[in-house]
Amino acid sequence: MPTDNITENLGIPVPDLWKGAHRDDRARPRSRQRLLGPSSIGLCRRRAAYEVHGTWPTDLADNMHAAILGTWLHEGILRVLREQYGACTELELTDGVILGHADAYWAPDHLHDPAARTPQTRDLGVVEDVKTKSTRALDVVVRQGPSRAEWFQVHLYAHLLRTGGLRDHPGLPTGEPLPVDVVRLRYVGREYGQVVVHQRPYDEDVTKQALAWAEDILASPEPEAMPRDLDGPGLSIICDNCPFKTACWNLGQLPDDRAPQTILAEDTAAVTEALRAYADAAEVESASKKRKAKARKMLDAADAGTYGAFKLSWSGGNPRPPEPDPDAMIRVLEGLSIGIPMRPGGRTSRTIGVSRVPEAN
Ligand code: SF4
């Protein structure tokens, strides 16, 4: 069945873009790599351990449109950085334990031609990682800045360049330290092309933290010995798209209506801990809801605009078109002595009740 929406095919075969794109994506090299990728460091220890232990990725979704669009966009962005701004792109870097590909690197000018050094030449080495994001994810970056894992990743590229980790390259010396003074993350919105850039001086301490994190993974006897650092399918978008989620959460053995997270409540102690987390969170949520409700009422008459560090905007408030009135329909049918059509009601949703047991005196 075609995945593209074809309005008029006129009997002429239309190549199915997304079918081909998914085939193409699946054909990309996905080795059972035992080397750790910088993009996996700092994210989830168990996922990184699956990679290092050579676990075969079983969860390669057929609806990876956003990821594939990101890959295509990425290729175009790197071409522009290379052709218009002289970046060296897609540099393969390794120290024999970590293996990754830095998106873009600008070496100081004197590296290419020591004789050409002048006060005007670029004196800094810069490494950049490009990330394409949905508008919502980009908004998180604007509000919260790059994640720890993203800083780890770009610092590790810098570290590998600084320690002679560059593999074959036509224009740069390999096997010898290359200067990197600045690390940069460039985020590009997939829908509207907004660009957000974060950059900072290279920080040896961040690299040390990233390497210590990697050491733990490399020392793990098996993936299952590593904690699941994220909340699981349905709660974390990273887990939803994780190629190891079936192995991680035993999805193949769970009844359909069971949440994967139920495997975490394996004994009385774990259930008690989940109840404590639930009760604590419910109390915080209740207090926050009250504060939010009061603030919302206070703002009801405020005009849109910028107030200090905050921007206020309004949307909605438009009249809705009329909609069917079920009560009136029932009255009409009853007036005509016509039986009310019914459908199966299903089940009411299960509601949890959690309260603290009073302490015994
Ligand atoms: S499913 Fe989530 S918790 Fe499990 S390995 Fe993948 S990212 Fe980590």
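Of all DSSP-defined beta bridges confined to the chain, some 70% are antiparallel rather than parallel. As a length-normalised measure over Cα pairs under 8 Å and 6 or more apart, the relative contact order of segment 64-220 settles at 22 percent. Taking amide H positions as modeled 1.01 Å from N, with prolines and chain starts lacking one, the residues under 5 Å from residue 104 and 5 or more places away or on another chain are 90, 128. Rounding to the nearest 10 and keeping the result within 0 to 90°, find how far the Cα-based axis of helix 65-85 lies from the longest principal axis of the chain. It works out to around 30 degrees. Using C-alpha pairs under 8 Å with a sequence gap of at least 6, the mean separation divided by the residue count of the chain gives a relative contact order of 15 percent.
Using the 10 angstrom Cβ neighbour count as an exposure proxy, how do 352, 330, 238 rank, fewest first?
The most exposed by this proxy come first: 352, 330, 238.
State the percent of C-alpha pairs, over all pairs in segment 64-220, separated by a distance greater than 19 angstrom. Value for segment 64-220 (Cα pairs over 19 Å): 57 percent. Pairs of Cα atoms under 8 Å, at least six residues apart: use those to get the relative contact order of segment 245-355, whole percent. Answer for segment 245-355 is 16 percent.
Only helices enter the 222 nm calculation for the chain: every DSSP H run of n ≥ 4 contributes -39,500 (n - 2.57), and dividing by all residues gives -11500 deg cm²/dmol, rounded to 500.
As an exercise, use a Förster radius of 45 Å and the Cβ-Cβ distance of residue 219 and residue 134 to find the FRET efficiency, rounded to the nearest 0.05.
0.80
Of the peptides 278-287, 332-341, the ranking by mean beta-carbon count within 10 Å, highest at the top, reads 278-287, 332-341. Pairwise inverse Cα distances across the chain, averaged and inverted, put the Kirkwood hydrodynamic radius at 25.7 Å.
Sorted on the mean count of surrounding Cβ atoms within 10 Å across their residues, most packed first, peptides 164-171, 303-310 read 164-171, 303-310. The residues neighbouring residue 290, those whose beta-carbon lies less than 15 Å from its own, together hold a net charge of +4 under the Lys/Arg +1, Asp/Glu -1 convention.
Which of the peptides 148-161, 199-212 is most tightly packed, and how do the rest follow, going by the mean number of other Cβ atoms within 10 Å of each residue?
Sorting 148-161, 199-212 by mean packing, highest first, produces 148-161, 199-212.
Dipole orientation for the chain: of the candidates 250, 221, 50, 250 has the Cα lying most toward the positive pole (charges on Cβ; Lys, Arg +1; Asp, Glu -1). The alpha carbon centroids of segment 179-245 and segment 134-170 are separated by 8 Å. Dipole of the chain computed with +1 at Lys/Arg Cβ and -1 at Asp/Glu Cβ about the Cα centre; of 101, 73, 164, farthest Cα towards the positive end is 73. Count Lys and Arg as plus one, Asp and Glu as minus one, and take only other residues whose Cβ is under 13 Å from that of residue 194; the net charge is then +3.
The angle separating the long axis of helix 135-144 from the principal Cα axis of greatest extent in the chain is about 70 degrees.
Treating the beta-carbon of each Lys and Arg as +1 and of each Asp and Glu as -1, no other charges, what is the dipole magnitude of the chain about its Cα centre, to the nearest 20 debye?
That gives the chain a dipole magnitude of about 900 debye.
FRET efficiency for the pair residue 200 and residue 318, taken as 1/(1 + (r/R0)^6) with r the Cβ-Cβ distance and R0 = 41 Å, rounds to 0.40. Taking the longest Cα principal axis of the chain as reference, the axis of helix 148-162 is set at about 10 degrees.
Here, each number is a calculation from the coordinates, and none is a lab measurement. Given the structure is predicted, the values throughout are model-derived calculations rather than measurements. When we count neighbours, we look across all protein chains shown, and the Cβ atoms used for this are built from the backbone with ideal geometry, even at glycine.
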